[in-house]
Amino acid sequence: MRLYVCYGTFKWGPRKGGHPCGRAYHALRDAGHDPEVVRAYGFGALPDALNGPRRRAVKRATGDSWVPALVLDDGTVVDGSDAIVAWAGENAPVAAGA
């Protein structure tokens, strides 16, 4: 699974509950997942020409350039920190051999 974030996975932020990318990352880790973190530098409100290829990949997957976005191994997309936090809580990883 790939977790697209802005610049990092830090918990602090100006929003209640902390930074959205950090909330998503830590919810996945706390649930036992080990996502590949893809830093998609830029800003969601910018035009595509001013964002890099990773933001454009997010836009192809979700319809917009905002992160965080989680792309599962089967191609399923979970978009936004609230949805990712909820998905992490409902989908614990399956242990090998289980």
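Restricting the first member to segment 66-80 and to residues that are in contact (Cβ under 8 Å) with a residue 40 or more places away in the chain and surrounded by fewer than 15 Cβ atoms within 10 Å (Cβ to Cβ), and the second to residues that are part of a strand (DSSP E or B) and of a type outside the set (D, E, K, R), the beta-carbon pairs closer than 8 Å and six or more apart or on different chains are Leu72/Val78. For segment 40-55, filtering for residues that are surrounded by fewer than 15 Cβ atoms within 10 Å (Cβ to Cβ) and either assigned to a helix (DSSP H, G or I) or modelled with pLDDT of 95 or more (or both) leaves 4.
So that you can scan it fast, the table gives a plain yes or no per residue for (1) crowded, with 20+ Cβ neighbours inside 10 Å; (2) outside any strand (DSSP E or B); (3) in contact (Cβ under 8 Å) with a residue 12 or more places away in the chain; (4) in contact with a His (Cβ under 7 Å, 6 or more places away or on another chain):
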{"residue": "Leu3", "(1), (2), (3), (4)": "yes, no, yes, no"}
{"residue": "Cys21", "(1), (2), (3), (4)": "yes, yes, yes, no"}
{"residue": "Leu28", "(1), (2), (3), (4)": "yes, yes, yes, no"}
{"residue": "His33", "(1), (2), (3), (4)": "no, yes, yes, no"}
{"residue": "Val38", "(1), (2), (3), (4)": "no, no, yes, no"}
{"residue": "Ala86", "(1), (2), (3), (4)": "no, yes, no, no"}
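For segment 1-42, give me each residue that is more than 17 Å from Trp87 (Cβ to Cβ) and of a type in the set (Ser, Thr, Tyr). Hits for segment 1-42 are Tyr7, Tyr41.
The values are calculated or read from the model by the stated rules, or taken from the named source; none is laboratory data. Model, not experiment: these values are computed from the prediction. With ideal geometry, Cβ positions are generated from the backbone for all residues, glycine too; neighbour counts draw on all protein chains shown.
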